[in-house]
Amino acid sequence: MEELTRGPARVAEELVRLGVSNTVREMPESTRSAAEAAAALGCDVAQIVKSLIFRSVASDEALLVLVSGADRVDESRLARVVGEDVERAPGRFVRDRTGYAIGGVPPICHTKPLITYLDEHLLDHGVVWAAAGTPRAVFSVTPGDLVRITSAKVVAVSAAQDPPGA
């Protein structure tokens, strides 16, 4: 087995510590976008976990939102869940708060603790694939383990879902 580069190796070590036995894989092609990751892995784009960082406007907190690669986050839904306005975080904020660049942010191993939300659509799959620290590294995990290892609150924040009361 090939030795992993620094970021993916750190993610792999944390997965072992958290009791998840899946192996981090560094792919020869980019997995930066959900479509690229699905093509590289030969899976459905809905099985790709997008790790998106938002910033709560009033409190300046970093929010990690885990959503299916087939969905996008409805910022107004997320704001209702969070209880304040939110915005997509700029690259420097993402790197400062997570230790990773956009396109390789894993759901674990961040520089600072993050408030984490997982969109309920990810629970529709037996296995999902998440970034592992670089735009070419991924790991597989069950949605249940992903909720457990991230301490995520399961919410309905994707734009693909019907509005409340519909």
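The values are calculated or read from the model by the stated rules, or taken from the named source; none is laboratory data. Here the structure is a predicted model, which means the values were calculated and not measured. With ideal geometry, Cβ positions are generated from the backbone for all residues, glycine too; neighbour counts draw on all protein chains shown.
Could you identify the single residue in SER76, SER140 that is farther than 23 Å from SER21 by Cα, at pLDDT 95 or above and not basic (Lys, Arg)? Working first, answer last.
Details: SER140 fails: farther than 23 Å from SER21 by Cα.
Sole residue among the options that is farther than 23 Å from SER21 by Cα, at pLDDT 95 or above and not basic (Lys, Arg): SER76.
I'm trying to understand the selection: among the residues of segment 50-74, which are farther than 22 Å from VAL141 by Cβ and surrounded by fewer than 17 Cβ atoms within 10 Å (Cβ to Cβ)?
Listed by number, the residues that qualify are VAL57, ALA58, SER59, ASP60.
Scan segment 2-11 and give yes if some residue there is in contact with an Asp or Glu (Cβ under 9 Å, 6 or more places away or on another chain) and of a type in the set (Val, Ile, Thr), otherwise no.
Yes, that holds for at least one residue.
Considering only segment 15-61, state which residues are assigned to a helix (DSSP H, G or I) and either closer than 22 Å to LEU123 by Cβ or among the aromatic types (Phe, Trp, Tyr) (or both).
LEU15, ALA34, ALA35, ALA37, ALA38, LEU41, VAL45, ALA46, GLN47
Consider VAL67 carefully, then state whether it is part of a strand (DSSP E or B) and either in contact with a Ser or Thr (Cβ under 9 Å, 6 or more places away or on another chain) or at pLDDT 95 or above (or both).
Yes; evaluated as a whole, the condition is true for this residue.
Which of the residues belonging to segment 15-60 are in contact with a helix residue (DSSP H, G or I) (Cβ under 7 Å, 6 or more places away or on another chain), over 13 Å from ALA130 (Cβ atoms) and free of Cβ contacts under 8 Å to residues at least 24 places away in the same chain?
Hits for segment 15-60: nothing passes.
So for segment 42-49 (the condition being under 18 Å from the mean Cα position of the chain (by Cα), closer than 22 Å to THR98 by Cα and not charged (D, E, K, R)), does at least one residue qualify?
The answer is yes; a qualifying residue exists.
With respect to GLU36, is the statement that it is among the charged types (D, E, K, R) and farther than 17 Å from ARG136 by Cβ true?
no
Modelled with pLDDT of 95 or more, touching a Gly at 6+ places or on another chain (Cβ under 8 Å) and of a type outside the set (S, T, N, Q): is that true of ILE53 in this structure?
no
Hey, among ASP44, ASP74, ASP85, ASP60, which residue is touching a strand residue (DSSP E or B) at 6+ places or on another chain (Cβ under 7 Å) and not hydroxyl-bearing (Ser, Thr, Tyr)?
So the residue among ASP44, ASP74, ASP85, ASP60 that is touching a strand residue (DSSP E or B) at 6+ places or on another chain (Cβ under 7 Å) and not hydroxyl-bearing (Ser, Thr, Tyr) is ASP74.
Wholly within segment 77-166, which strands (runs of 3 or more DSSP E) include no fewer than the required count, namely at least 3 residues that are buried (at least 18 other Cβ atoms within 10 Å of the Cβ) and among the basic types (Lys, Arg)?
none
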